[in-house]
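The values are calculated or read from the model by the stated rules, or taken from the named source; none is laboratory data. Computed from a predicted model, the values in this text were never measured in an experiment. We place every Cβ from the backbone using ideal geometry, glycine too, and count neighbours over all the protein chains shown. With ligands, DNA and RNA removed, areas are computed over all heavy atoms of the protein, side chains included. Shrake-Rupley method; radii C 1.70, N 1.55, O 1.52, S 1.80 Å.
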Amino acid sequence: MESEVRSFVRPFTTYITRRRHELITKEISKAADAKSRTLPLLLAALALAFIVLALGLLFAPNNQVGPSSTTQTTAATSTETTSTRVSLPGSYSLWPTYHHDASRTGFDPSGGPLTSVLPGWVSPSLDGEVYAEPLLAAGILVAATENNTIFALNDSNGQIIWQRHLGAPVPRSDLPCGNIDPTGITGTPVIDSTAQTVYVVGFLRTDHQHWLFALDLKTGEVKFSRVVDPPGGDPLVEQQRGALSMWKGVIYVPYGGLYGDCGEYHGWVVRTPANITSRLLAYQVPTGRGGGIWAPSGAAVGAGGDLLVSTGNSFASSVFDYGDSVIRLSPSLQLLDWFAPSDWVALNNGDTDLGSVGPSLLGPDLVFQIGKDGNGYLLNRSHLGGVGGQLLTSRVCGSAYGGNAYAPPYLYVPCTDGLVALKVNLGPNPSFSVSWKGPSFRAGPPIVARGAVWVLDVDSGNLNAFNATDGRSIFSHSVGSTVRFATPSAGDGRVFVAAGTRILSFILS
């Protein structure tokens, strides 16, 4: 790539220099013919010629994207960056947030039909397990580890461009319950591609608080950091598992409880503008205890900025308190609307979280929700309906976890007994029905790219691709051990998947 850049720059620079030299030569010739010109003026013209020649070289365009090949290590406050600068291509795909966009569709619309899949690069072993979905912007794949480190990889070859360690993570022994050890970065970050900034929340052992870090996408340098724990909440029992959301320069951070439901935890959403000075706002699910917002997909954001979240069980059995519900919030986190199944008491008592999967936005008017009991609900987005107010309920599968994918007219649901494709009717009488089911395995959250549905079998560690329309198997490849809610991402002609401490790529053609 560097040689190609030089071959382009050199002729262009030479042209500018020669053209300016010709103009200067004409001016000097005129000066020589004019008897009124003196020697000092001639010398001044020659000096001007050398200056312009130098400027022509100095301001010659440099089309090399990304810095030159140097390695540097820098430090800021308690964080540490190691970066290797590399050349990158000039045309990129974008996967800047969990499942591609704020609506959480998990659908990459780029590229033609899939004809073949080949294993690509495998990253070096990173410094911790990767629970977050890998993100993509400007040819850079961003991966976050439970050791509180962000890695930026060249998406074409897997080379580490930079890495930023944010501080020591919290070991399991510091917490009253849980199943992640240690806990660092669990929720998927978000990238603002316009500002070239990565926003990520890490859990730091130094003060047992959750910190939001804004990192420069190209270098990993910290732009700012701030604590984003819910006001009055106990960080030791509030887990930041759900993906961050972003809308019009504002970041939304969801919280739920730890595995084991210990302590006085609640579901929360914290709102912070992308700076260090603005005031934080927070919404607490008004349960006596519980009601965590813990689904890995986090909040889905509609076109007007309203957020939809789903909650887990609370411990209420008589008075409804918004456990096991779907909640719609305004951009300023005011409660606007809500839905709960008629059997919310049974869901609470059985720890059968409705919020094991985040809401899916289907077109401008509909919301789909499914949880641990495997029942799918179709909701009116502008009027969620309160208790039992769904438009349609139908059994989908045994149980579902993670996040769905939506490529109209199909919605793909990650079930413990296999991937299920629902065909959704958005007409005057909206409905959904099962179109096809994949083989029986515990499915991670799926995505759709190049006419295929990509999904991990989280038990066997196989990455599978199925024809998005009929469910025909296209591809299967072992990636090794994966975490429970691992989900691929796609772009720049590849699919990327986290497997333990490594990132693997697959080439699509």
Residue in the stretch 448-504 that is most open to solvent (accessible area, probe 1.4 Å), counting only those that are part of a strand (DSSP E or B), within 19 Å of Val434 (Cα to Cα) and not aliphatic (A, V, I, L, M) = Ser473
Out of the stretch 97-127, which residues are surrounded by fewer than 21 Cβ atoms within 10 Å (Cβ to Cβ), more than 21 Å from Pro408 (Cα to Cα) and not hydroxyl-bearing (Ser, Thr, Tyr)?
-> Leu118, Pro119, Gly120, Trp121, Val122, Pro124, Asp127
Scan of the stretch 231-265 for residues that are of a type in the set (D, E, K, R), open to solvent by 10 Å² or more (accessible area, probe 1.4 Å) and within 19 Å of Arg205 (Cα to Cα), ordered by number = Asp234, Arg241
Members of the stretch 342-359 that are touching a Gly at 6+ places or on another chain (Cβ under 8 Å) and either part of a helix (DSSP H, G or I) or within 22 Å of Leu419 (Cβ to Cβ) (or both) = Trp344, Leu347, Asn348, Thr352, Asp353, Leu354, Gly355, Ser356, Val357, Gly358
Subset of the stretch 367-401 [in contact (Cβ under 8 Å) with a residue 60 or more places away in the chain and open to solvent by 10 Å² or more (accessible area, probe 1.4 Å)] = Arg381, Val387, Tyr401
Pick from the stretch 422-447 the residues that are outside any loop (DSSP other than H, G, I, E, B) and in contact with an Asp or Glu (Cβ under 9 Å, 6 or more places away or on another chain): which of them is farthest from Asp459 (Cα to Cα)?
-> Ser435
Determine whether Ile180 is of a type in the set (Val, Ile, Thr), open to solvent by less than 10 Å² (accessible area, probe 1.4 Å) and under 19 Å from the mean Cα position of the chain (by Cα).
-> no
Which of (1) within 19 Å of Pro359 (Cα to Cα); (2) in a loop (DSSP other than H, G, I, E, B) does Asp234 not meet, given it meets every other one?
-> (1)
Any chance Ala152 is under 24 Å from Ala449 (Cα atoms) and open to solvent by less than 50 Å² (accessible area, probe 1.4 Å) = yes
Taking the stated definitions as given, is Arg271 modelled with pLDDT of 95 or more, closer than 24 Å to Leu335 by Cα, open to solvent by 10 Å² or more (accessible area, probe 1.4 Å) and part of a loop (DSSP other than H, G, I, E, B)?
-> no
Residues of the stretch 366-415 being in a strand (DSSP E or B) and among the basic types (Lys, Arg), which ones?
-> Arg395
Can you spot a residue in the stretch 300-315 that is under 21 Å from Gln209 (Cβ atoms) and open to solvent by less than 10 Å² (accessible area, probe 1.4 Å)?
-> no
Being touching a residue at least 40 places away in the same chain (Cβ under 8 Å) and more than 19 Å from Ser394 (Cβ to Cβ) is the filter here, so list the residues in the stretch 337-347 that pass it.
-> Asp337, Trp338
Report yes if Asn157 is assigned to a loop (DSSP other than H, G, I, E, B), open to solvent by 10 Å² or more (accessible area, probe 1.4 Å) and within 21 Å of Arg241 (Cβ to Cβ), otherwise no.
-> no
